[in-house]
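Just so you know, all these numbers are worked out from the coordinates, no wet-lab data involved. Please read all numbers here as calculations on a predicted model, not as lab measurements. Here the Cβ positions follow ideal geometry from the backbone for every residue, glycine too, while neighbour counts run over all protein chains shown.
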Amino acid sequence: MGSADWRFDLAEGCPAHCQYCYLAGSLSGPPVTRVYADLDEILDGLAEYEGRGTITSRRAARRDEGTTFEASCYTDPLALEHLTGSWRRAIEHFGAWDAPVQLRWTTKFGDVASLVGLGHHGRTRVRFSVDCLPVTTRYEGGTSPLGTGRPGCGGSRSTGTRSV
Ligand code: SF4
């Protein structure tokens, strides 16, 4: 069952290289991380999909979320945010998009400092992925260590974005 009506990508690949990550077998080409520079075109292009969702939009329990857009299928947004600022732009885009829409992404990183104070207007939902020791140290060596930011729930509260 899909987590959102639509998917869009601002990057493909993840520098964390968790040992079990499905990206290793899902992305074609060399194991590099690609980030996209045409952010305005990507974000502006989402408008035509509003109101046309068939996954969460059709479920009674989630219909109130509006049209949902998942942005972390092929990367971990917070792994790259300090380099690109892309997800800050995406949160601001959805915040200014005065329509029943939701931006969604998930992360194993905890640095949300650059997102604090953004005008998200409740249209971004973040899911923090948290595993226990020793999984985090053995298999997720490139992510934020437990206790140093992840899951970042305190940080997300300070941004006002929703975490589930
Ligand atoms: S942080 Fe997430 S996207 Fe990145 S390698 Fe680990 S499981 Fe994959």
DSSP beta bridges in the chain: the antiparallel percent, rounded to 5, is 10
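Which value in deg cm²/dmol, rounded to the nearest 500, describes the helix-derived mean residue ellipticity at 222 nm for the chain, given -39,500 (n - 2.57) per DSSP H run of n ≥ 4 and division by the residue count?
-6000 deg cm²/dmol
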Taking the chain as the reference, fit the longest principal axis to its C-alpha atoms, fit the long axis of helix 86-96 to the helix C-alpha atoms, and give the angle between the two in degrees, 0 to 90, nearest 10. 20
Once you put a point 7 Å from the Cα of Asp38 and another 7 Å from the Cα of Val116, both along the Cβ direction, what distance in nm separates them? 3.6
Given a Förster radius of 22 Å and the C-beta distance between Ala99 and Ala24 as r, what FRET efficiency does 1/(1 + (r/R0)^6) yield to the nearest 0.05? 0.05
Equivalent-ellipsoid semi-axes of the chain, from the Cα gyration tensor, Å, largest first: 25, 18, 16
For the chain, what is the relative contact order in percent, using Cα pairs closer than 8 Å and at least 6 residues apart in sequence? 24
